[in-house]
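Contents: one structure, followed by commentary.
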Amino acid sequence: MTTPFLQIRGLRKTYDQVVAIDHVALDIKQGEFMTFLGPSGSGKSTTLYIVAGFQEPTEGQVLLNGKSLLDVAPNKRNIGMVFQRYTLFPHLTVGENVAFPLRVRRRPESEIKAKVEKMLELVHLADYRDRLPGQMSGGQQQRVAIARALAYDPPLLLMDEPLAALDKKLREEIQFELRRIHQETGVTILYVTHDQEEALRLSDRIAVFSQGRIEQVGTGEELYEHPSSRFVAGFIGNSNFLPVKVEQMGAGRARAIFPNGQAVEGDARAFAAGSEGTLMVRPEQMRIRPHATSAQGLAVTVRDMTYLGDSMHFAVQTPWEQELAVRMAVRDGQGLCIGSSAVLEWDSQHGHVFA
Amino acid sequence: MLLDYDRLGGWRWGLVGVGTVVMLFLLLPIVFIAALSFGDSQWLVFPPPGWTMQWYQQLLTDPVWVNALLTSAKVGVIVTVLSVVLGLLAALGLARSRFFGKSALQAFFLTPMVLPVVVLAVALYAFFLKLGLTGTLTGFVIGHLIIALPFSIITIGNSLQSFDSALEDAAMICGASPLEVKWRVTLPAIRLGMFAAAIFSFLISWDEVVLSIFMASPTLQTLPVLIWSTLRQDLTPVIASASTLLVAFTVVLMLLASFLKKGSRQ
Ligand SMILES: Nc1ncnc2c1ncn2[C@@H]1O[C@H](COP(=O)(O)OP(=O)(O)OP(=O)(O)O)[C@@H](O)[C@H]1O
Ligand SMILES: [Mg+2]
């Protein structure tokens with residue numbers, strides 16, 4: 001087996017009493033777009049800064065192509081980075097900002113000129129070469145920052161919430177460009193965000209952070225379809241969480257009962273029989289029927305319905321008075337109205353039982 | 001605001017009146033001196049019966065005055081350079097590091113601002129007598145530097161404070177060594193603060209008189225000292241012209257400083 005491109009091994013970082021990250025381990029393939037996703041304070045930036053060299057881990061190792069990065073000074077790591085805050089040098093023109101990493105590397109003038117031209121074309125800002133950063137919008141500045149970070153062909157590009165300060169439309173525009181740049185350059189990207197939609201849109205794989213640890217690593221689809229914990233399920237996409245009591249564990253499946261005594265089946269990891277748990281079902285994987293069509297159905301009352309154009313959104317109430325969200329195609333929702341009794345159904349492989 | 005200028009009504013004119021009186025009070029002596037320096041009366045009659053440039057001619061041909069002018073300029077330039085360089089190093093150290101006793105050190109650096117200059121002058125005089133530094137250029141430079149340095153540290157420190165240190169991180173990861181980061185990113189970003197510090201330092205040295213009187217010798221004195229000592233012997237319009245030159249140069253530097261401030265806000 002070949003060694004992975006970037007290996008993060010057993011990272012731990014503490015500030016006095018605060019544990020910022022613990023047991024963070026991850027292998028990243030060359031050319032991969034890997035996103036760190038997680039709530040504020042979950043340790044995404046800390047992990048990224050250790051890779052960049054701004055911070056030293058208390059424990060653990062970071063290897064690039066099998067060689068330790070931690071022994072290398074930050075300015076010798078040859079890594080590109082884009083920050084959340086605008087960090088273009090205010091006294092240099094756009095062109096000179098992009099040229100900066102090449103100048104400190106003492107590259108010949110002709111090479112610098114050609115490279116700056118090429119990088120500005122990559123981010124579609126060729127006409128802005130002689131502008132000062134202060135004369136550009138936030139989105140343009142971040143694109144220049146990307147050009148600067150890629151000018152020296154770093155094998156690895158780190159991005160810490162580079163689009164967080166931009167409005168939604170601009171953010172989507174640059175996300176699109178980022179995908180294109182990733183494909184054109186083939187650079188490996190470590191990207192930090194707390195926006196799950198952004199993570200799904202951009203990434204090959206996503207590492208979900210929670211309280212200083214990685215909860216789960218996988219493609220967007222894997223995380224969405226097979227979340228390994230209640231936290232991941234709640235963080236990616238919308239979910240309904242129903243209280244259950246586990247009765248019996250089979251091979252990867254659990255039999256459980258709802259508070260009203262009704263039995264249900266779902267995917268599950270190891271569970272002790274008799275323990276309390278949660279059954280998670282996505283809103284769009286539930287159906288509301290006027291009458292039961294299968295054994296696994298829950299009697300509910302329709303509380304609210306909203307027409308959203310491409311779909312309908314329902315709020316239904318369970319026998320134990322919990323409100324659940326359901327999304328269905330408009331035509332499937334016909335014949336239902338507020339206050340009517342109905343049956344809520346889903347395929348048992350779409351139910352996940354968590355602790 | 002309660003005391004908004006636009007809402008003062010009749011009081012407004014009173015305010016304008018008081019402002020005008022204060023301004024005249026501050027400016028009239030200077031205008032008076034400037035007028036006298038061009039007047040042709042030996043006895044400083046006001047208003048001058050006629051106009052002449054002869055006092056300036058005398059000033060610029062008398063070796064004693066010219067020497068004093070040159071000494072002032074020389075001391076001023078050396079103090080400026082040292083004050084900016086040392087101020088920069090001190091401000092960088094205070095802004096970018098955390099160590100025990102930092103705030104005490106910070107306060108210590110600023111003591112010359114609150115200490116009465118006379119006290120400082122007497123202390124330095126006694127000390128420099130022992131070292132044989134009175135009446136030397138070095139004596140002037142050290143004395144003025146002590147007064148100028150706090151202003152440099154404050155001015156440069158303020159511009160470091162408003163400078164985002166993430167820029168240094170960005171430069172570092174771009175491949176710049178710590179020294180290159182300072183040279184190519186930090187210094188250009190705070191250059192206006194450094195210019196301001198330079199101008200203030202020069203001005204402080206340029207019109208410093210208390211310390212200078214203690215440091216001066218008959219052969220080495222600055223312009224303010226010479227004005228003061230000449231004044232004690234006789235009253236000649238040459239003093240008026242020297243004073244006018246002093247003020248004119250100060251005004252030019254102040255204007256430069258305010259332009260810089262405007263530039264940094266854009
Ligand atoms: N310099 C520091 N001193 C003390 N604690 C710190 C320091 N930097 C980070 N922490 C703590 O480490 C934890 C992880 O912080 P980190 O910045 O990595 O989170 P994050 O996932 O990037 O969050 P965000 O989305 O808000 O940027 C937090 O609990 C934070 O309070
Ligand atoms: Mg962060």
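The values are calculated or read from the model by the stated rules, or taken from the named source; none is laboratory data. Everything quoted here is computed from the prediction, not taken from an experiment. Note: ideal-geometry Cβ built from the backbone for every residue, glycine included; neighbour counts use all protein chains shown. Quick note on the areas: whole protein, heavy atoms, side chains included, nothing else; ligands and nucleic acids left out. Shrake-Rupley method; radii C 1.70, N 1.55, O 1.52, S 1.80 Å.
Here are a few things to note about the model shown:
- Sorted peptide list for A:9-15, B:223-229, criterion being average Cβ within 10 angstrom, highest first: B:223-229, A:9-15
- Accessible area in square angstrom per residue, chain A, 1.4 angstrom probe: 46
- Contact order normalised by residue count of chain A, Cα under 8 Å, 6+ apart, percent: 15
- Distances between placed amide hydrogens fall under 5 Å for A:Gln216 paired with A:Val208, all partners being 5 or more residues away or on another chain.
- Counting Cβ atoms of other protein chains within 10 Å of each residue's Cβ and taking the mean over peptide B:176-186 gives 3.
- The charge dipole of region B:54-265, taken about its Cα centre with unit charges on the Cβ of Lys, Arg, Asp and Glu (plus for the first two, minus for the last two), comes to roughly 380 debye.
- Rolling a 1.4 angstrom probe over region B:54-265 with all protein chains present gives an accessible area of which 72% lies on carbon and sulfur atoms.
- Solvent-accessible area buried by B and A, counting both chains, probe 1.4 angstrom, square angstrom: 1800
- Dimensions in Å of the protein assembly as shown - Rg and Dmax from alpha carbons: 37.0, 120
- From phi via Karplus (6.51, -1.76, 1.60), per-residue ³J(HN,Hα) for region A:250-258 in Hz, x at Gly/Pro: x, 6, x, 10, 10, 9, 9, 10, 6
- Once the Cα atoms are used to define both axes, helix B:137-161 deviates from the longest principal axis of chain B by about 50 degrees.
- Residue ranges B:156-165, B:94-103 sort as B:156-165, B:94-103 when ordered by packing (mean number of other C-beta atoms within 10 Å per residue, highest first).
- Shielding score for B:159-169, defined as the mean number of other chain Cβ atoms within 10 Å: 3
- Options A:His194, A:Leu92, A:Asn240, ranked by Cα towards positive dipole end of chain A, top entry (Cβ charges): A:Leu92
- Amide H contacts under 5 Å for A:Glu247, placed H, 5+ residues apart: A:Arg255, A:Ala256, A:Ile257, A:Gly274
- Each residue of region A:233-239 was assigned a 3J(HN,Hα) from its phi angle through the Karplus expression (A = 6.51, B = -1.76, C = 1.60, θ = phi - 60°), giving 4, x, 7, 10, x, 8, 8 Hz with x at Gly and Pro.
- Under the criterion of Cα pairs below 8 Å and six or more residues apart, the relative contact order for chain B equals 30 percent.
- Think of a 1.4 Å ball rolled over the protein heavy atoms: region B:54-265 then has 50 Å² of accessible area per residue.
- Within region A:238-354, the percentage of alpha carbon pairs spaced more than 17 angstrom apart rounds to 53%.
- For peptide A:85-95, the mean count of partner chain Cβ atoms within 10 Å of a residue's Cβ comes to 4.
- B:Leu245 accessible area, assembled protein chains, probe 1.4 Å, Å²: 60
- Of the peptides A:333-339, B:67-73, A:141-147, the ranking by mean beta-carbon count within 10 Å, highest at the top, reads A:141-147, B:67-73, A:333-339.
- Among the protein heavy atoms of region A:238-354, carbon and sulfur supply 49% of the accessible surface, probe 1.4 Å, non-protein parts ignored.
- For region B:176-253, diffusion coefficient by Stokes-Einstein and Kirkwood Rh (Cα), 4 °C, 1.567 mPa s, µm²/s: 85
- The distance from the alpha carbon centre of region A:191-234 to that of region A:322-355 is 25 Å, rounded to a whole number.
- Mean residue ellipticity, 222 nm, helices only, chain A: the sum of -39500 (n - 2.57) across DSSP H runs of n ≥ 4, divided by residue count and rounded to 500, is -7000 deg cm²/dmol.
- In sequence order, calculated HN-Hα J values of region A:333-349 (Karplus, 6.51, -1.76, 1.60; Hz; x Gly/Pro): x, 5, x, 9, 9, 4, x, 6, 7, 8, 10, 9, 10, 7, 6, 5, 6
- Partners for A:Lys67 among aspartates and glutamates (Cα-Cα distance below 15 Å; same-chain residues under 8 apart left out): A:Asp27
- Two-decimal log10 I(q)/I(0) for chain B, as the Debye equation yields it once each C-alpha is a single scatterer, q = 0.15, 0.16 Å⁻¹: -1.15, -1.21
- Once you reduce region A:103-181 and region B:209-253 to the center of their Cα atoms, the two points are 58 Å from each other.
- Put a plus charge on the Cβ of each Lys and Arg, a minus charge on the Cβ of each Asp and Glu, and nothing anywhere else: the dipole of the protein assembly as shown about its Cα centre is then about 1120 debye.
- Portion, in percent, of the accessible area of region A:6-231 that falls on carbon or sulfur, probe 1.4 Å: 46
- Members of A:Lys29/A:Lys168; A:Lys76/A:Lys115; A:Lys44/A:Lys118 lying beyond 23 Å, as alpha-carbon distances in this model show: A:Lys29/A:Lys168; A:Lys44/A:Lys118
- A dipole drawn for chain B from +1 and -1 charges on Cβ atoms has a positive end, and of B:Leu70, B:Val117, B:Phe100 the residue lying farthest that way is B:Phe100.
- For A:Asp304, the amide hydrogen comes within under 5 Å of the amide hydrogens of A:Ala315, counting only partners 5 or more places away or on other chains and with H modelled in the peptide plane.
- Between the residues A:Ala268, A:Ser311, A:Ala325, the greatest Cα displacement towards the positive end of the dipole of region A:238-354, with unit charges on the Cβ of Lys, Arg, Asp and Glu, is found for A:Ala268.
- Measure of compaction for chain A (Cα Rg per 2.2 N^0.38 Å): 1.21
- Lys, Arg +1 and Asp, Glu -1 on Cβ, resulting dipole of chain A about Cα centre, debye, nearest 20: 800
- Relative contact order, percent, region A:238-354 [alpha-carbon distance under 8 Å, six or more residues apart]: 31
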